[in-house]
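Read the structure below first, then the notes.
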Amino acid sequence: MAYNTCINQGYFTSDGTDEIIQVRSDVDWVKVVNLTNIAGTTQWAGTEWYWQRGMADGDAVTNYHAAGTQAISTSTCAIGYNGVTYRGVYLMDSSSDPVGAIDATITAVSNAAPPVATLTSTETLQPGDIVRMINITGAQQLGGMDFTIGNGTFTDTTFSLDYMATIIAGTTGSWRRIAFDPLYYPRKRFVSAITAAASAVVTLTVTHGYTIGQKVRFTIPAAYGMVQMDGLQGTITAISTANNTVTVDINSAAFTAFAFPLTAAVPFTHALMTPVGEATEIVAGKVTLDDAVYNTGYIGFKLGTSATAAIALGSAGGSNGDAIKWLAGKSFNV
Amino acid sequence: MPTRIKFTTNFQTFFTNFNSFCVRNCVLTNFIGKCFSKLNHVFTMLFFDGQVWKNLFAKIKKSVSSCDPCINRAFIFSFGSPSIACGINSIKCIHNPFNKNGVGIINLETATMMFSDFSIVISSCLPNVKTSLSVNNSSHVSQIGRFVNFSYKLVGAFVILLSLFFHVNSFHSNDSVKTIHCKLNRAERLSGLDPSYGVCESLSSRGNLEREIRRVFPASNEVTKVTECLNEAAKRLGVSLRATEDQLTRDMLAATASFINCTAGVNGDNPTEITRTDVDTVVRALLNNDAYTILDNIEGDDKFGTAPVRDAYFALASTQLSGNLDAVVGFVHKNQYPAPKDALRSEWGSIGNLRFLLSSAGSMTASGSNLGANVYNIFCVGMEAFACIEQDGYSAQFIYRPPIYDGPLALNCSVGYKFAEVPRITNDLWVINLRATLA
């Protein structure tokens, strides 16, 4: 490894979730050290990870405490130790294919508020991830829609569709993880609920990222009931990150109630909120546009970890509170 | 579109001194005159060579873009006719226009730069010399055509003159020229020459007394090979640039345009395959939003198997939909247009008021349907529905930084492009994403 080709370095404190690190240029190698684990003597705690091109995505050569001492042993994340495989380094390119592998292990989607999906394992997921639901028996209306999951309920075998309206329970189905949002911000979002109020409150199925002042337009097909809202344009007057809602200056008090379609309604066009407008707003000396003009694409790498403590202990992304330093660079092939 | 270009030189001082030397010390006989024929050519090449060594590409680009037209006022004399006296008497007037006589014309259509009557006036007995330089217009990278096959070291005019007297084709200063075998660099391999090994002459550096050994081809070959590679790179980068621009626009539309699902199909998915009903729905929505059509209608004609084509919106889609489009009621393939020449190259056909332009890079949402099938996004757009906004006063730049040899620094060259523009929807009501799965 040619250290004189280093292009980036940094550090962070792990929050227990995957750490995405954006870099100015593509990387050929990554080295990570977990200072917290190095200082401690926790058995099976990973201390150092090294990855370079040619190694599998998510893998890394790792050093760890083989016993409750400072003694170090070496393995790889893919091989693992203590009967566990770990998560290492993943290259990231947000403009690439964002869809993960299909998982057909859903056995139930509840009628709770919000609905909770039961599946074989949530090992590759984390709270806050975006999941695309596919062909849910008895809940076909969810098919093809994206949802932010796990902020309400997240276990080894369940996750909640956080901002989804109540449905009639479904059974089997599939899902895929969506690694990246669409490239341009702000993005259109699926609508899961709209209140009938002087200022309509709109719930979106995926974390929206909108801000106050942005202008939006609604596409509300007849299947959703509130057809008076269709085509209307409004300005966001308030947002809620907890509920993933936006409040708009549209009086919907007299509108027909919004009702999410039932499974039998398929096929139908989904209810949408899209960014529009020419209005500008001066923020910190720069002009921001309402519509999608901001390319959020990036390249970099991800240091993986897990909500499962035993996996996080030996993963490059670390456990919550770990002090981690990283080094990444480009090299010449020889 | 002819454009003038001017080459300047810093050799004027040398030539002035040299000419004085010739006039004062040499007896210009016919024998010498013959030698001067060669000498004239040598200096012509030398003149060019001096330009080559000073970052050829930057200079030519700069000259093309910024030089003022300049009249070629070089004097042209017939071989051997002037006398010594003439040379003495007119030496000042001969040399005055020297740094202005390197004037040629770039013909940007034929991509050839021609130096007509390019006279290097050393003394009055010298003939004019013609040579040429070709320029690749598309890439702004110059390519040397016929050029100097040897590099001369300006140790002194006297030595050069001696070499000419003895009909030596090139000036060799002791050990400054060597012949070695070396591996071709990447640029040379790409140029289609011997892919493994070749004979490389090591030449002394240009114009200086230092004796550096260069592991490269002679200047002319080297530049030609590099520029051939650059020309090809420029072409590829140009394609890449526009493809990237299209992809960004596609991604912007996919991220933000509202959509209508095809629902009238029978494949049991959501959305379904595309049908005429779905096309009518999206056309009606665009009409209701007062979107202008982009293309005019094509009048019917008295030809078998043809049908008139309505004025239409564009429908930008993936080539994966080609077969499904064929099956839609009312589909008119472009070869059934009354005037097929009016069809665009990427056009597939028309349905109602939509004319479909297909691309392999068309937008697709993986597993976007209810049943997990890929959803194809058909962007139905009216006139001026979206645009690409250039930023910072330019759209795109082709960037080339040549390698600098003979030293540990700056060994790596770089070539590429960058552009600063953002695609955006100008009226969200005039662009609708019609989503469909395959039948």
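The values are calculated or read from the model by the stated rules, or taken from the named source; none is laboratory data. Small disclaimer: the values here were computed from a predicted structure and weren't measured. Positions of Cβ are generated from backbone atoms using ideal geometry, with glycine treated the same way; all protein chains shown enter the neighbour counts.
Looking across the stretch B:381-415, the residues that are under 26 Å from B:Leu295 (Cα atoms), part of a strand (DSSP E or B) and within 14 Å of chain A (Cβ to nearest Cβ) come down to B:Phe386, B:Ala387, B:Cys388, B:Ile389, B:Glu390.
Yes/no matrix, rows are residues, columns are (1) crowded, with 17+ Cβ neighbours inside 10 Å; (2) acidic (Asp, Glu); (3) under 28 Å from the mean Cα position of the chain (by Cα); (4) at pLDDT below 95:
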{"position": "A:Leu204", "(1), (2), (3), (4)": "yes, no, yes, no"}
{"position": "A:Val216", "(1), (2), (3), (4)": "yes, no, yes, yes"}
{"position": "A:Ile220", "(1), (2), (3), (4)": "yes, no, yes, no"}
{"position": "A:Gly231", "(1), (2), (3), (4)": "no, no, no, yes"}
{"position": "A:Ala253", "(1), (2), (3), (4)": "no, no, no, no"}
{"position": "A:Gly285", "(1), (2), (3), (4)": "no, no, no, yes"}
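For A:Leu91, the conditions (1) surrounded by 13 or more Cβ atoms within 10 Å (Cβ to Cβ); (2) more than 14 Å from A:Lys31 (Cα to Cα) are fulfilled apart from (2). Restricted to the stretch A:49-87, and to residues there that are among the small types (Gly, Ala, Ser) and not in a loop (DSSP other than H, G, I, E, B), the residue that is farthest from A:Asp18 (Cα to Cα) is A:Ser73. Of the residues in the stretch A:30-44, at least one is in contact with a helix residue (DSSP H, G or I) (Cβ under 7 Å, 6 or more places away or on another chain) and surrounded by 18 or more Cβ atoms within 10 Å (Cβ to Cβ). When A:Tyr185, A:Tyr210 are checked against the criterion of being within 10 Å of chain B (Cβ to nearest Cβ) and at negative phi, A:Tyr185 stands alone in meeting it. Apart from one condition, A:Leu125 fits all of (1) hydrophobic (A, V, I, L, M, F, W, C); (2) over 14 Å from the mean Cα position of the chain (by Cα); (3) not in a strand (DSSP E or B); the exception is (2).
Rundown of residues vs (1) at pLDDT 95 or above; (2) of a type in the set (D, E, K, R); (3) within 30 Å of A:Ile134 (Cβ to Cβ), yes/no style:
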{"position": "B:Val328", "(1), (2), (3)": "yes, no, yes"}
{"position": "B:Gln336", "(1), (2), (3)": "no, no, no"}
{"position": "B:Ala343", "(1), (2), (3)": "no, no, no"}
{"position": "B:Arg355", "(1), (2), (3)": "yes, yes, no"}
{"position": "B:Ala361", "(1), (2), (3)": "no, no, yes"}
{"position": "B:Pro402", "(1), (2), (3)": "no, no, no"}
{"position": "B:Ala410", "(1), (2), (3)": "no, no, no"}
{"position": "B:Cys413", "(1), (2), (3)": "no, no, no"}
{"position": "B:Ala420", "(1), (2), (3)": "no, no, no"}
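Of the residues making up the stretch A:130-144, those that are assigned to a loop (DSSP other than H, G, I, E, B) and either of a type in the set (Val, Ile, Thr) or buried (at least 21 other Cβ atoms within 10 Å of the Cβ) (or both) are A:Asn135, A:Ile136, A:Thr137, A:Ala139, A:Gly143, A:Gly144.
Restricting attention to the stretch A:137-150, does a residue exist that is within 30 Å of B:Thr249 (Cβ to Cβ), within 14 Å of another protein chain (Cβ to nearest Cβ), free of Cβ contacts under 8 Å to residues at least 60 places away in the same chain and within 14 Å of the chain's Cα centre (by Cα)? Yes; the residues of the stretch A:137-150 include at least one that is within 30 Å of B:Thr249 (Cβ to Cβ), within 14 Å of another protein chain (Cβ to nearest Cβ), free of Cβ contacts under 8 Å to residues at least 60 places away in the same chain and within 14 Å of the chain's Cα centre (by Cα).
From the list A:Ile250, A:Ile236, the one residue that fits, being within 14 Å of A:Ala196 (Cα to Cα) and away from chain B (no Cβ under 12 Å), is A:Ile250.
If a residue must be on the phi > 0 side of the Ramachandran plot and modelled with pLDDT of 95 or more, how many such residues does the stretch B:264-291 contain? Number of matching residues: 1.
May I ask you to list the residues in the stretch B:230-272 that are of a type in the set (Gly, Ala, Ser) and within 9 Å of chain A (Cβ to nearest Cβ)? Can you show your working first?
Applying the first criterion (of a type in the set (Gly, Ala, Ser)) to the stretch B:230-272 yields B:233-234, B:238, B:240, B:243, B:254-255, B:257-258, B:264-265, B:268.
The answer is B:Ala254, B:Ala255, B:Ala257, B:Ser258, B:Ala264, B:Gly265, B:Gly268.
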